[in-house]
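**Student:** Can you read through this structure? Questions will come right after.
The values are calculated or read from the model by the stated rules, or taken from the named source; none is laboratory data. Predicted, not measured: the structure shown is a model, and the values here were computed from it. Every residue, glycine as well, gets a Cβ built from its backbone with ideal geometry; the counts of neighbours run over all protein chains shown.
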Amino acid sequence: MPPGARPRAGRELALAIEAHLKTIAETAAPPFGEEMRGALVAELWRQAGLQVERDSVGNVVAAVPGGRGPRVLVAAHLDTVFGAGTDVRVRRDGDRLCGPGIGDNSASLAVLTTFVEKLGADDVPRPRLTLAATVGEEGEGDLRGARRLVADRGAQHDAFVAVDGHLGTIVAQAVGSRRLRVAFRGPGGHSWGDYPTPSAVHAAGEAIHALQGLTVPSEPRSTLNVGQVWGGTSINAIAQEAGFNLDLRSLDPVVLNDLEQRAREAVEGAGRRIGCQVAVTLIGDRPAARADNARLVSCGLRALEGVERHVAVVASSTDANAALAEGLPAIAFGVYRGGDAHRSTEWVEPGSLIQGYHAFERLLACLADEPVR
Ligand SMILES: [Zn+2]
């Protein structure tokens, strides 16, 4: 058992993590509105003795004194998917703590914050660390926090660990995504009097049909989804405006480029056939990438020995994408058990946080002794 696995004042530590979890989760962090939670985390880290900076996009960044071996950038995102005004109070329901964003990613921030507070109090080996709480991980945030962090500091680091996701899950590969807003525009008119004037709704339907007909490779895994549609004003009006949001994903950047190209051609063809103008706007672009992160993954697996029987090494879209895209070895590592992420019924098992905390310590202890690239 590595030194980090030694059980310490377990109950006290568990209560500290849980207290942080509640405070952090109840401080709202809507998309593009992470300021309050950022200020809270910055203050907690300052109180714990770190020199904390806020960078140009709002990330909270702190170099940890000491450590040995590789230089590792550790990041947990501040933002949630829940809009301003969401009731973010935490409720206890039996063995669970419930609330929007309580797991993703308040739980990771709580573990990281407790780790910061214990820094001086133990002798667990760790690499040379920079810690960050990032903005803009979710949805249309488009990883703007992690991208800034990697652009500013990636070159001074050897590895990147995003603290995000469930205990037992290691994200080792970045799913790339392109998000397109597709908007059709036509002359509009009366459904009887102006028929057959081109309809923007019909053009959108034609386009979705054409997209449905595209070949989407299953290897490397790739996906296509029209997740939101809008348009029209009345049942008896020929629609002037209609459109949809399209999400394209792939593990392979070349496949993703090709898929985007074919999707653009499909929607432009639909516009021409129906006689409507089409405007396509790129609203999200997350890189698909892979860097040599085998050492990080092996440390992650070792850290989870005896904690989780079902460990999954998966591909996903996290802050680690931003690092992988720049060739910086990266993984995402989960530190809590829970469910219903991105739903108002989200919950965590508070008892899992202490396990996540120790697994995180073991991950760092392993990284201190490994050449990571
Ligand atoms: Zn997350």
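**Student:** Got a sec? Which of T197, T169 is within 14 Å of the ligand (Cβ to nearest atom) and at pLDDT 95 or above?
**Tutor:** Result of the check over T197, T169: T169.
**Student:** Let me ask something else about it. Would you point out the residue of region 134-156, among those that are more than 22 Å from S250 (Cα to Cα) and surrounded by fewer than 23 Cβ atoms within 10 Å (Cβ to Cβ), that is nearest to the ligand (Cβ to nearest atom)?
**Tutor:** The qualifying residue nearest to the ligand (Cβ to nearest atom) is R148.
**Student:** Going by the conditions given, is G136 in a loop (DSSP other than H, G, I, E, B) and farther than 28 Å from L15 by Cα?
**Tutor:** When the stated conditions are applied, G136 passes them.
Matching residues to (1) surrounded by fewer than 23 Cβ atoms within 10 Å (Cβ to Cβ); (2) at positive phi; (3) touching a Leu at 6+ places or on another chain (Cβ under 7 Å):
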| residue | (1), (2), (3) |
| --- | --- |
| R181 | yes, no, no |
| P187 | yes, no, no |
| H190 | yes, no, no |
| I208 | yes, no, no |
| V216 | yes, no, yes |
| R221 | yes, no, yes |
| G232 | yes, yes, no |
| N236 | yes, no, no |
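**Student:** On to the next question. Could you tell me whether region 117-133 includes any residue that is touching a helix residue (DSSP H, G or I) at 6+ places or on another chain (Cβ under 6 Å), under 24 Å from G33 (Cα atoms) and buried (at least 20 other Cβ atoms within 10 Å of the Cβ)?
**Tutor:** Yes; the residues of region 117-133 include at least one that is touching a helix residue (DSSP H, G or I) at 6+ places or on another chain (Cβ under 6 Å), under 24 Å from G33 (Cα atoms) and buried (at least 20 other Cβ atoms within 10 Å of the Cβ).
**Student:** A further question on this structure: What are the pairs with Cβ atoms under 8 angstrom where one residue, in region 1-19, is over 13 Å from V124 (Cβ atoms) and the other, located anywhere, is polar (S, T, N, Q) and modelled with pLDDT of 90 or more? Sequence gap at least six, or different chains.
**Tutor:** Filtered contacts from region 1-19: A16/T114; I17/T114.
**Student:** Moving on. Restricting to region 61-98, name every residue that is within 16 Å of the ligand (Cβ to nearest atom) and either within 26 Å of D369 (Cα to Cα) or part of a strand (DSSP E or B) (or both).
**Tutor:** Passing the criteria: V74, A75, A76, H77.
**Student:** Hey, could you check region 302-348 for residues that are surrounded by fewer than 24 Cβ atoms within 10 Å (Cβ to Cβ) and assigned to a helix (DSSP H, G or I) and say which is nearest to the ligand (Cβ to nearest atom)?
**Tutor:** Among those that are surrounded by fewer than 24 Cβ atoms within 10 Å (Cβ to Cβ) and assigned to a helix (DSSP H, G or I), it is A325.
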